[in-house]
Amino acid sequence: MDRTDLGILGLGVMGENLVVNLASRGFRVTVYNRTPERTRQFVSRTNRDQEIKATFSPQEFVDSLESPRKILVMVQAGNATDAVLKQVSPFLSKGDVMMDGGNSFFRDTLRRSAWMKRQGINYIGLGISGGEEGARKGPCIMAGGPRHAYEQVEPILEKIVARVDGEPCLALLGPSAAGHFVKMVHNGIEYALLQLIAETYDIQAVGLGLHEREIQRFFMSSNEAELGSYLMEITLAVLAERNPGTNDPLLGVILDKAAQKGTGAWTSQTSMELGVPVPSIDSAVAARNISAYKDERVLASTRLTSHPSRNGAVNLEKMLIRLHDALTCSWLVSYGQGFALIKRASDEYGYNTDLSEVARIWRGGCIIRCKLLDKIRFALGDDADLPNLLLDNTLAEMLRQGQQNWRLAVSDAKHLGVPIPSMNASLDYYDSYRRHTLPANLIQALRDYFGAHTYERVDSKGQFHTKWPTS
Ligand code: 6PG
């Protein structure tokens, strides 16, 4: 085979599926994996008509690529990515393009971009979303890096991504780490949406004792409305799945400890550093953490009892309508927090990210694709400087209409003793954000009392300190 169009380093699930996707669109692909056996197995499994070239050393891999070389690293984020870059970079030439398609922390991408730049290599951080199926059939790709390098790989990436209304779910969202930043926030939102689905399920299954078919009906109607989304579709599929041995719902035998690889926590940590509130995401991370304390929770369940009650004599139908509105408003607010975080990072780090482009590409291929993103895209298209989605007239109207039911659903959950960390945090975010005044004046006074930290006044400019009476 002649030199190939692109090389993929790493044949994990995502790497393999991307190779198959690329090859099925007619691209010639070189592959290399740390363990040669995996490379051999993969190549023997794939269609012989597809032009996939197996290589067994970093040098053979690099030498097989058309110049300027285009390489996509698909190994685990962290040390493995650094190790692969170290192995391959000695064989590269100035002007080659190196892409990292893993879930790398954006600060690592920043460091690696500078490292590669010193060698004359163009580095692009690619946030790739869509899981195994997306990688094979069409993911969403969030890119960050030098434009001239991106333009060299764009024609290839454009062919393998998902499309919505003919538009590719691919965009250059800024220089260096911008793509991985947006992907990190995507995952933070993913944490919040998953948690909100789980809370809504819990209220129905545990709080109200509903049968699985009734719960399915609820998610089916959510999927037909604003929340029509990939996550609703897979929730329905999960709820329908049976345990082969017993024919009972499979969900009943899955251990209730949620794992995590860190992208949600990075979103929370970064938002704290930037001073951007994202409580729907923070609470979702905390909820995963508390779920991991299984043994302690089992013990606590015998000691910390609650006395659940239905909230008055409300009928079930009404409760489910409230719950639907609460879920919709909480989802919207979670997206709002994520976009506010991207906007702040874009300003702080000079990414110049086009937020409406983010909304556009998130409509397909990625895990958080949802009908709501059409409205979000329009809002951001109308006003690129919108500080927060909650200020858009159409979206604000949705929240205004849903808010009464949202409050009642939160109150229902509290009466039932069902934890709803993200739904609650989302409502509190809404209520804090919409307040003309907050009790932060009291916090300022107390800080000044015990630490002479000073405060500002509403009636004159400057910093003030009061000589408070001693206690
Ligand atoms: C995606 C997903 C993907 C992965 C998450 C899971 O966009 O395709 O977000 O990146 O599923 O990283 O993260 P946790 O293991 O932390 O839930």
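The values are calculated or read from the model by the stated rules, or taken from the named source; none is laboratory data. Because the structure is predicted, anything quoted here is derived from the model rather than measured. Methodologically, a virtual Cβ is constructed for each residue, glycine included, from the backbone with ideal geometry; neighbour enumeration extends over all protein chains shown.
Going by the structure shown, is E190 within 16 Å of the ligand (Cβ to nearest atom) and charged (D, E, K, R)?
On the way: within 16 Å of the ligand (Cβ to nearest atom): yes; charged (D, E, K, R): yes.
Yes.
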Check: Which of the residues that make up region 390-428 are of a type in the set (S, T, Y) and surrounded by 22 or more Cβ atoms within 10 Å (Cβ to Cβ)?
Finding: S422, S426
Next item on the list: Run down L172, L72 and say which single residue is more than 16 Å from the ligand (Cβ to nearest atom) and either free of Cβ contacts under 8 Å to residues at least 12 places away in the same chain or under 23 Å from N17 (Cα atoms) (or both).
Entry: L172
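Out of R360, R288, which single residue is within 20 Å of the chain's Cα centre (by Cα) and either loosely packed, with under 15 Cβ neighbours inside 10 Å or under 30 Å from A384 (Cα atoms) (or both)?
On the way: R288 fails: either loosely packed, with under 15 Cβ neighbours inside 10 Å or under 30 Å from A384 (Cα atoms) (or both).
Unique residue meeting the criteria: R360.
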Notebook entry, point to check: Can you name the helices (runs of 4 or more DSSP H) wholly within region 316-411 that have at least 2 residues being free of Cβ contacts under 8 Å to residues at least 24 places away in the same chain?
Noted result: 316-349, 372-382
Next item on the list: Collect the residues in region 240-256 that are surrounded by 10 or more Cβ atoms within 10 Å (Cβ to Cβ) and either among the aliphatic types (A, V, I, L, M) or in contact with a Ser or Thr (Cβ under 7 Å, 6 or more places away or on another chain) (or both), keeping them in residue-number order.
Entry: A240, L250, L251, V253, I254, D256
Note to self: Within region 19-28, does at least one residue satisfy the condition of being assigned to a loop (DSSP other than H, G, I, E, B) and of a type in the set (G, A, S)?
What the structure shows: yes
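Quick one: in region 126-156, of everything that is hydrophobic (A, V, I, L, M, F, W, C) and within 16 Å of the ligand (Cβ to nearest atom), which residue is nearest to F27 (Cα to Cα)? Full working, then the answer.
To start, the set of residues in region 126-156 that are hydrophobic (A, V, I, L, M, F, W, C) comprises 126, 128, 135, 140-143, 149, 153, 156.
Within this subset, residues satisfying the condition of being within 16 Å of the ligand (Cβ to nearest atom) are 126, 128, 135, 140-143.
Numbers: L126: 19, I128: 19, A135: 15, C140: 19, I141: 18, M142: 21, A143: 20 Å.
Ranking the qualifying residues of region 126-156, first place goes to A135.
Show me the helices (runs of 4 or more DSSP H) found entirely inside region 38-139 where at least 2 residues are basic (K, R). Lay out the reasoning, then the answer.
Values: elements: 58-63, 79-88, 106-118, 131-137.
So the answer is 106-118, 131-137.
Using the structure shown, decide if S113 is in contact with a His (Cβ under 9 Å, 6 or more places away or on another chain), modelled with pLDDT of 95 or more and surrounded by 22 or more Cβ atoms within 10 Å (Cβ to Cβ). Reasoning before the result, please.
Values: in contact with a His (Cβ under 9 Å, 6 or more places away or on another chain): no; modelled with pLDDT of 95 or more: yes; surrounded by 22 or more Cβ atoms within 10 Å (Cβ to Cβ): yes.
So S113 fails the test.
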Next item on the list: Can you give me the number of residues within region 454-471 that are surrounded by 10 or more Cβ atoms within 10 Å (Cβ to Cβ) and of a type outside the set (D, E, K, R)?
Entry: 7
